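Scroll down for the structure; my scribbles are underneath it.
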Amino acid sequence: MSSVLSYESLVHAVAGAVGSMTAMTVFFPLDTARLRLQGVVNVLLTTPLWVVNTRLKLQGAKFRNEDIVPTNYKGIIDAFHQIIRDEGVLALWNGTFPSLLLVFNPAIQFMFYEGLKRQLLKKKMKLSSLDVFIIGAIAKAIATTVTYPMQTVQSILRFGRHRLNPENRTLGSLRNVLYLLHQRVKRFGIIGLYKGLEAKLLQTVLTAALMFLVYEKLTAATFTVMGLKRTHKH
């Protein structure tokens, strides 16, 4: 037991801790980049499935917009076949550009959550469950509201049956994203960019608030079990 608690063991422990902290500090930007890259890869792999899913969901719906061409798919395989045959394989990645931008939605959410939490901790020593729930809901509401116009364009591009720039098949390009945003504002006003926002908020805000509450409880429980005192930056 004495050999375990010796000065030499303490030196090795401190050296290991310092080395670990140094490595984490040096490579943290790379870890952040890795997480962002994972989000990008996820978008690229799943966009074809979302495109087909969106079209099948909207099949048979009546649209007041004459620019939208109706679809007639018999199933998932037939949808893939028709899209590739009629529009080209790249059509399966319609909406990729807005999707890549939406990868930053969680970053915005956590940024506002941490900011609001720091402000509250300046006024009180400890946050209640209600405090965490409320600031989590507010953070998610802000992130969703900021990025919702991109989600609107993303849905339009995924549906794809839009008579937009026939000579330009790259519906996910920045030019067409800006074109769709402009047309939306021109036709419906700024409010047109936020149609359906209330349903989206109802869907995501409560879930995110509960997630932050569970996160804080688990973090606090972990610190308690480890016998550590949690510190907050003001």
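The values are calculated or read from the model by the stated rules, or taken from the named source; none is laboratory data. Worth saying up front: this structure is predicted, and the values here are computed from it rather than measured. Heads up, the Cβs are rebuilt from the backbone with ideal geometry, glycines too, and the neighbour counts pull from every protein chain shown. For accessibility, only protein heavy atoms count, side chains too; no ligands or nucleic acids. Shrake-Rupley method; radii C 1.70, N 1.55, O 1.52, S 1.80 Å.
Ranked highest first by average number of other Cβ atoms within 10 Å, how do 99-109, 201-211, 134-144 line up?
134-144, 99-109, 201-211
Of 123/200; 74/186; 122/217; 140/186; 57/186; 123/217, which sit over 30 Å apart, Cα to Cα? Walk me through the intermediate numbers first.
Values: 123/200 32 Å; 74/186 35 Å; 122/217 20 Å; 140/186 28 Å; 57/186 27 Å; 123/217 20 Å.
Flagged as over cut-off: 123/200; 74/186.
Ordered by packing density, taken as the mean number of other Cβ atoms within 10 Å over each peptide's residues, highest first, how do 192-198, 45-51 rank?
For the peptides 192-198, 45-51, the packing ranking is 45-51, 192-198.
First compute the accessible area of the stretch 84-149 with a 1.4 Å probe, then give the percent of it belonging to carbon and sulfur atoms. Mind dumping the intermediate values first?
Numbers: 2530 of 3460 Å².
Exposed carbon and sulfur together represent 73 percent of the surface.
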